[in-house]
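**Q** One structure, as structure tokens, below. Some questions next.
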Amino acid sequence: MVQQRFAEVVTAGGATVAYASVGAGRPLVYVMGWLTHLRLSWELPPERALYEALAQGGRLVRYDRAGSGLSPAVDRPASLAFELEQLAAVAATLDEPFDLMGTSMGAPVAVAWAAAHPGTVRRLILYGGWARGGDVSPPEVREHVLGLVEAHWGLGSDVLTDIFAPDADRATRAELARYQRACSDAATARALLALSYELDVTGYLDQVRAPTLVVHRTGDRAAPVAQAHALADGISGAELVLLPGRSHLPYAGDRDELVRVVRRFLGLPVARRRADGLTARQREVAELVSQGCTNREIATRLGIDERSAEGHVERIRLRLGFRSRAQIAAWYSAQRRH
């Protein structure tokens, strides 16, 4: 079983930052979004699957920003300068240039780093990001969400999870909301969310020299696709790849296609995919759905737990663009006839 290797580093300003590595070889530094927890995220099967896939054939390095996850809080306001200070401390542990991937609010941070430190970045990947946080949503919406997080962190996390992962099933969304609350307290959550709205890297875009991939889901409800165009248009030679889907979280929705796009850009081997997009296990599950089996019956037949069976059915539905089990059953029956 793949295991994370944990360590800590101290920034120039004295903040302690926890980071984790998986794999070996060419490093990919992954700047995560909003709230993170290195240990708990590894326990979420969809999120762990994303990191394991990105780490194949290389070394994936992630870190918790101050006040989130395993990194202790500090008496300093959130800012782009502090974000870059933390990234600098992690980058200093590497003795070679690295690939850099920023997701969500990590994307503008990665842009600023690549612009300021061109010699350190081999390739730059920006997923679900933005150039100007003030353009992500109208001011009244931002104030409402910030107020909700500050006044009622439980309800706030539920609302944000519905925005971040609308394609996930109800049980997964509930788990993600609990995960957010476990990452930090309400004050830190609000401060980092406010920072995400304040980040503006439009002035850095034309200074980025690394080959850049901008990848975004067209229906992303947290970061409008217009921001992907703004990033790609502003960075010379940037490649823009738009994927279908509404989920902002990279591991929600069609995670496998996102991984393929990223690995292809990095020049790493890409897993082959069946014409229908399903894995062998998913085809087994689809066959049992066509036979009218419940999730519990599928779990029993395949020797897996019921929750895993539910996850398989949900991924099949999303990958094939269906809304119901009945559509999966009809599709599988049609496949058998041809």
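**Q** Identify, from the list G69, G14, the residue that is touching a His at 6+ places or on another chain (Cβ under 6 Å) and either within 28 Å of I316 (Cα to Cα) or assigned by TED's automatic domain parsing to the domain that holds A210 (or both). Don't jump to the end; show me each part of the working.
**A** Values: G14 fails: touching a His at 6+ places or on another chain (Cβ under 6 Å).
Matching residue, one of G69, G14: G69.
**Q** Considering only region 61-118, state which residues are among the charged types (D, E, K, R) and in a strand (DSSP E or B).
**A** Result: R62, D99.
**Q** Condition test on G57, is it on the phi > 0 side of the Ramachandran plot and either surrounded by 18 or more Cβ atoms within 10 Å (Cβ to Cβ) or assigned by TED's automatic domain parsing to the domain that holds G128 (or both)?
**A** Details: on the phi > 0 side of the Ramachandran plot: yes; either surrounded by 18 or more Cβ atoms within 10 Å (Cβ to Cβ) or assigned by TED's automatic domain parsing to the domain that holds G128 (or both): yes.
Judged against the criteria, G57 is a match.
**Q** Kindly evaluate S21 against the criterion of being part of a helix (DSSP H, G or I) and assigned by TED's automatic domain parsing to the domain that holds H248. Don't jump to the end; show me each part of the working.
**A** Numbers: part of a helix (DSSP H, G or I): no; assigned by TED's automatic domain parsing to the domain that holds H248: yes.
No, not satisfied.
**Q** Which of the residues spanning region 1-38 are modelled with pLDDT under 95, surrounded by fewer than 14 Cβ atoms within 10 Å (Cβ to Cβ) and within 24 Å of L176 (Cβ to Cβ)?
**A** Within region 1-38, M1, V2, Q3 qualify.
Conditions (1) of a type in the set (V, I, T); (2) touching a strand residue (DSSP E or B) at 6+ places or on another chain (Cβ under 8 Å); (3) not assigned by TED's automatic domain parsing to the domain that holds T218, marked per residue:
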{"residue": "H248", "(1), (2), (3)": "no, yes, no"}
{"residue": "D256", "(1), (2), (3)": "no, no, no"}
{"residue": "V259", "(1), (2), (3)": "yes, no, no"}
{"residue": "V285", "(1), (2), (3)": "yes, no, yes"}
{"residue": "E297", "(1), (2), (3)": "no, no, yes"}
{"residue": "R301", "(1), (2), (3)": "no, no, yes"}
{"residue": "I304", "(1), (2), (3)": "yes, no, yes"}
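**Q** Pairs under 7 Å by beta carbon, first residue surrounded by 24 or more Cβ atoms within 10 Å (Cβ to Cβ) in region 215-228, partner of a type in the set (D, E, K, R) and not in a helix (DSSP H, G or I), six or more apart or different chains?
**A** If the second residue must be of a type in the set (D, E, K, R) and not in a helix (DSSP H, G or I), the pairs left are R217/R246; D220/R246.
**Q** Only one of (1) farther than 15 Å from W34 by Cα; (2) crowded, with 16+ Cβ neighbours inside 10 Å is not met by H152, so which one is it?
**A** (2)
**Q** If only one of A232, A280, A334 is surrounded by 15 or more Cβ atoms within 10 Å (Cβ to Cβ) and either without any contact (Cβ under 8 Å) to a residue 24 or more places away in the chain or not small (G, A, S) (or both), which one is it?
**A** Numbers: A280 fails: surrounded by 15 or more Cβ atoms within 10 Å (Cβ to Cβ); A334 fails: surrounded by 15 or more Cβ atoms within 10 Å (Cβ to Cβ).
Among A232, A280, A334, only A232 is surrounded by 15 or more Cβ atoms within 10 Å (Cβ to Cβ) and either without any contact (Cβ under 8 Å) to a residue 24 or more places away in the chain or not small (G, A, S) (or both).
**Q** I'd like to know if region 262-280 contains one or more residues that are under 30 Å from R142 (Cα atoms) and in a loop (DSSP other than H, G, I, E, B).
**A** Filtering region 262-280 for residues under 30 Å from R142 (Cα atoms) gives none.
No - not one qualifying residue is present in region 262-280.
**Q** How about region 39-60: which of its residues are under 16 Å from P250 (Cβ atoms), modelled with pLDDT of 90 or more, part of a helix (DSSP H, G or I) and aliphatic (A, V, I, L, M)?
**A** L50, A53, L54, A55, listed by residue number.
**Q** Considering T93, T36, which residue is under 30 Å from D200 (Cβ atoms) and out of contact with any helix residue (DSSP H, G or I) (no Cβ under 9 Å at 6 or more places or on another chain)?
**A** Residue meeting the stated conditions: T93.
**Q** Right, next: Quick one: count up the residues across region 281-338 that are under 19 Å from G253 (Cβ atoms) and not in a helix (DSSP H, G or I).
**A** 4
**Q** Which of (1) free of Cβ contacts under 8 Å to residues at least 60 places away in the same chain; (2) not assigned by TED's automatic domain parsing to the domain that holds E43 is the odd one out, the single condition A182 does not satisfy?
**A** Only one criterion is unmet by A182, namely (1).
**Q** A follow-up question, please. Inside region 114-127, can you point out the residues that are of a type outside the set (G, A, S) and touching a residue at least 40 places away in the same chain (Cβ under 8 Å)?
**A** P118, V121, R122, R123, L124, I125, L126, Y127
**Q** Answer with yes or no whether R260 is among the basic types (K, R) and under 23 Å from T36 (Cα atoms).
**A** Spelling it out, it is not the case that R260 is among the basic types (K, R) and under 23 Å from T36 (Cα atoms).
The values are calculated or read from the model by the stated rules, or taken from the named source; none is laboratory data. None of these values were measured; they are calculated from a predicted model. Because the Cβ atoms are built from the backbone with ideal geometry, glycine has one as well, and the counts that use them run over all protein chains shown.
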